[in-house]
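Single-structure report; data block below.
The values are calculated or read from the model by the stated rules, or taken from the named source; none is laboratory data. Everything quoted here is computed from the prediction, not taken from an experiment. Note that each Cβ is placed from the backbone with ideal geometry, even for glycine, and that neighbours are counted across all protein chains shown. For accessibility, only protein heavy atoms count, side chains too; no ligands or nucleic acids. Shrake-Rupley method; radii C 1.70, N 1.55, O 1.52, S 1.80 Å.
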Amino acid sequence: MSDIRYSAAHWGIYEIEAGPEGPRLLPMREDPDASPIGLHQLAPELSAMRVRRPAVRRSFLDHGPGARTELRGKEPFVEISWDEAIRLVAEELTRVRARHGNEAIFGGSYGWASAGRFHHAQSQIHRFLNSIGGYVAHRDSYSLGAARVVLPHVVGTMDELMKSHTSWDVLADHCELFVSFGGVPAKNAQISQAGAGRHRLRAALERMARAGCQFVNVSPLASGIETGGPVEWLAARPGSDTALMLGLAFEIHASGLHDREFLSRYCVGWERFEPYLTGASDGQPKSADWAAELTGLAAGRIRDLARRMGEKRTMINAAWSLQRADHGEQPFWMLVTLAAMLGQIGLPGGGFGLGYGCENSIGSAHARLSGPTLPQGRNAVQAFIPVARIADMLERPGDGFAYDGGHYRYPDIRLIYWAGGNPFHHHQDLGRLERAWQKPETIVVHEPFWTPTARRADIVLPVTTPTEREDISYATLEGYLVASRPVSPPLGAALDDYEIFRRIAAHLDVEDAFSEGRDTEAWLRHLYDGMRRRWADAGVALPDFDGFRAVGRIDLSSHDEPERICLEAFRADPAAAPLPTPSGRIEIHSETVAGFALADCPGHPVWLPPAEWLGAELAARYPLHLISDQPERRLHSQLDPSPHSRSGKIAGREPVTMHPADAAARGLNDGEVVELFNDRGGCLAGLRLSEAAMPGVVRLATGAWFDPDPETGRDRHGNPNVLTADRPASSLSQGCAAQSCLVEIRRPPETPGPPRPFVLPELIAAAAPGEGADPERSEAGRNDRSDAAGQPP
Ligand SMILES: Nc1nc2c(c(=O)[nH]1)N[C@H]1C(S)=C(S)[C@@H](COP(=O)(O)OP(=O)(O)OC[C@H]3O[C@@H](n4cnc5c(=O)[nH]c(N)nc54)[C@H](O)[C@@H]3O)O[C@H]1N2
Ligand SMILES: Nc1nc2c(c(=O)[nH]1)N[C@H]1C(S)=C(S)[C@@H](COP(=O)(O)OP(=O)(O)OC[C@H]3O[C@@H](n4cnc5c(=O)[nH]c(N)nc54)[C@H](O)[C@@H]3O)O[C@H]1N2
Ligand SMILES: [Mo]
């Protein structure tokens, strides 16, 4: 029995402390480097942005589905009772299914939602939609669109690799040279999907540095590896990483430092790749001199690094950002190829990493057990989209698309149902998405907050936050199982996603299929008991559910595997532990991918210049490469209204970082409001000058709530996705390619008005008589306008 109660979130485990002014969140005391992000979850600035009652866009309520869809995001909402809202959603689902079939419902509903595993919104919505005959789903993620598709052809699934990275302990003991493309940013390792435990990155890097490991940061940003010691910065042009890796590979090969035995015993296709590398097949040796032209680095530095890589125990790592780009498959495929040439894969401290620093879990030595998951049932609809093709799907119903060697057609979507994501945060070219978003007849969104996506819905249903619910949190490799407890009661009329879906299911006569007769408590017990049986088989004993709840948290560190080495078993015996590729070996050349005959992703890694990068013709007009990376002070768009996120802004706008020389050339000063623009759109941001950005590169993190000026359409808050291109990584993966984007920056032609991202939409209380009898409509639950009026802009 413990008297500490916990609340778990993607960015950490927090202790709930009762105080005279209400509950507070504190960092878990065992966490050596807790993330401040989640401490602000209870901030009044956030509750002011809550959706408190079900709400319907006015034209939709007055004229029905499809009415004035161009007014989405621009019209007032009418608040209605839960009974009316449930009936409205149920009737819409029934209408669309009867008239167009379940293939007309997009329920992909991508997004991070909350860390709890029962209240996981994606699982809830998919289970619900399956119980009514299915929905159009999405494949892959914005995080790893290109990697998830290409890596199974090359070395194995991304899911498996993420769980089997060589542990930090092994790196500290054996790694002599750590070369990272895209850094190992502590800002990103604050987070692990489903709940970070102890934050370990900082200590791990410092320990490696103390042990004498050398660090090389290949990145447009000097920051991103903090070791307490020196870090060598190679400021290669963004998007040129594959060329640099080829240059390194060429020099390693030319010096005879490549491991022929490893290449023949553990790999296939080296003989197909070698002539490309040397230039025998295309007349272009991929030498350091060739790579120097493309990357902007001195050829001597590339040769020097190649030599050191050939001589030392070397770990080569790539951040996920590299593959969130045009031809994003190539840097990951080439990284594995380069590591194979060094022949250290499966040895302690050597080989490759695909995401050290991207999440706290990567490099962890904790147990890799599978946590509780809500069963989603079977989806009777076959149609799907690669996740980032949403605007394409809405604009081009019936058109074909290629994906992983297959050919498919876009469905004709009439209804979008979203729970647990924010497409007006996560998608590229938001201007295009705004136009495509007008096509469906009906858009239903479950949200705790009035996010840009909620504001662009027809029906918005208010959802509880994770701090208002009991749940089980477990993230693989994080070392804790947490009984997450509610911190405060639901605000306004908010309900859990589960309860909303249960009520709609009841209306549609599928309640038993959806709920199986369980309430939330019964589900938590059921999911826990299933996990407890599975873990018992794996030798991990858990108390019963009541015992778990009583202790609040279970530390799993006695099951750690500190000696974890990626692909160790494969190296020891490739016949006994083959890879899940067609050959069972590392595929430097893939017959399968070659067989797809794709010009933008041939059978082995190649250099293909991105459509937008500093080497493109377009750079004459838009000479700055925009990095839209993950934000330090929030998770994507989550908690952007919090004081922690706001305190990172410049006069209420997201900061854009620029090299002083680029600013001087444009006559711009630190701290002023600037406009970023290209042919797709524009946004305002606050200028921050720093020599940590390489010249020609600017950085505007993602997640500032989209705030288009109604007059100009220009975003006033600093959301980079008005600028990014909605262009797939390739026809292999169709992955998100946000990082390939050129812009220009100037002082805005007119004095800009203030940003208004955190202002509620106009809400009209329904006037129907008798409504006052609705018990949810208590004064406390009303959407009190004074809440919003009291806030800073
Ligand atoms: N330009 C650019 N764009 C990018 C990226 C980039 O690098 N550059 N990165 C991409 C990546 S990697 C990702 S993962 C995506 C992230 O994109 P998203 O996952 O869509 O972003 P979040 O802001 O986390 O959105 C989660 C939403 O769920 C809501 N929510 C939280 N809990 C619950 C709940 O219990 N129920 C319901 N119904 N809702 C809940 C939150 O309020 C929030 O609005 O962005 C992508 N977009
Ligand atoms: N605080 C915080 N942490 C997060 C998230 C968050 O929203 N907030 N999101 C989480 C999620 S969903 C994901 S998927 C991961 C994403 O992890 P990543 O995709 O790796 O994260 P990013 O921050 O987009 O990029 C990391 C760094 O890569 C470098 N970089 C960008 N482009 C290039 C390039 O072309 N070449 C090279 N060599 N370097 C480049 C930049 O220095 C950038 O800071 O982060 C997770 N961690
Ligand atoms: Mo992500």
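Points to keep in mind about this one:
- Which numbered condition Val698 fails, given (1) under 21 Å from Ala663 (Cβ atoms); (2) buried (at least 24 other Cβ atoms within 10 Å of the Cβ); (3) within 12 Å of ligand 1 (Cβ to nearest atom): (3)
- Taking the listed residues Ser164, Ser192, the one that is of a type in the set (Ser, Thr, Tyr) and away from ligand 1 (no atom under 15 Å from the Cβ) is Ser164, with no other qualifying.
- With respect to (1) under 26 Å from the mean Cα position of the chain (by Cα); (2) surrounded by 17 or more Cβ atoms within 10 Å (Cβ to Cβ), the lone exception for Leu763 is condition (1).
- A count restricted to the stretch 367-388 and to residues that are open to solvent by 20 Å² or more (accessible area, probe 1.4 Å) and closer than 30 Å to Leu205 by Cα stands at 3.
- Residue match in the stretch 175-184 (condition: more than 25 Å from Asp600 (Cα to Cα) and open to solvent by 20 Å² or more (accessible area, probe 1.4 Å)): yes
- Hits in the stretch 521-546 (condition: open to solvent by less than 40 Å² (accessible area, probe 1.4 Å) and part of a helix (DSSP H, G or I)): Ala522, Trp523, Leu524, Leu527, Tyr528, Gly530, Met531, Trp535, Phe545
- Qualifying residue in the stretch 683-694 (condition: at positive phi, within 16 Å of ligand 2 (Cβ to nearest atom), within 24 Å of the chain's Cα centre (by Cα) and not assigned by TED's automatic domain parsing to the domain that holds Lys74): no
- For the stretch 177-193, the set of residues classified as within 17 Å of Asp31 (Cβ to Cβ) and within 16 Å of ligand 3 (Cβ to nearest atom) consists of Lys187, Asn188, Ala189, Gln190, Ile191, Ser192, listed by residue number.
- Residues (open to solvent by less than 20 Å² (accessible area, probe 1.4 Å) and out of contact with any Asp or Glu (no Cβ under 9 Å at 6 or more places or on another chain)) located in the stretch 272-290: Phe273, Leu277, Gly279, Lys286
Residues are listed down the side, and each one gets a yes or a no for (1) among the aliphatic types (A, V, I, L, M); (2) outside any helix (DSSP H, G or I); (3) within 13 Å of ligand 1 (Cβ to nearest atom):
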residue	(1), (2), (3)
Glu103	no, no, no
Tyr110	no, yes, yes
Gln122	no, no, yes
Leu129	yes, no, no
Ala137	yes, yes, no
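- For the residues Glu612, Glu587, the requirement of being open to solvent by less than 50 Å² (accessible area, probe 1.4 Å), in contact with a strand residue (DSSP E or B) (Cβ under 9 Å, 6 or more places away or on another chain), in contact (Cβ under 8 Å) with a residue 40 or more places away in the chain and not assigned by TED's automatic domain parsing to the domain that holds Asp173 singles out Glu612.
- Answer residue from the stretch 569-624, given it is polar (S, T, N, Q) and not in a helix (DSSP H, G or I) and is nearest to Thr166 (Cα to Cα) among those: Thr581
- Screening the stretch 87-131 for residues that are open to solvent by 10 Å² or more (accessible area, probe 1.4 Å) and of a type in the set (A, V, I, L, M, F, W, C) and picking the one that is nearest to ligand 3 (Cβ to nearest atom) gives Trp112.
- The number of residues in the stretch 458-508 that are assigned to a strand (DSSP E or B) and among the polar types (S, T, N, Q) comes to 2.
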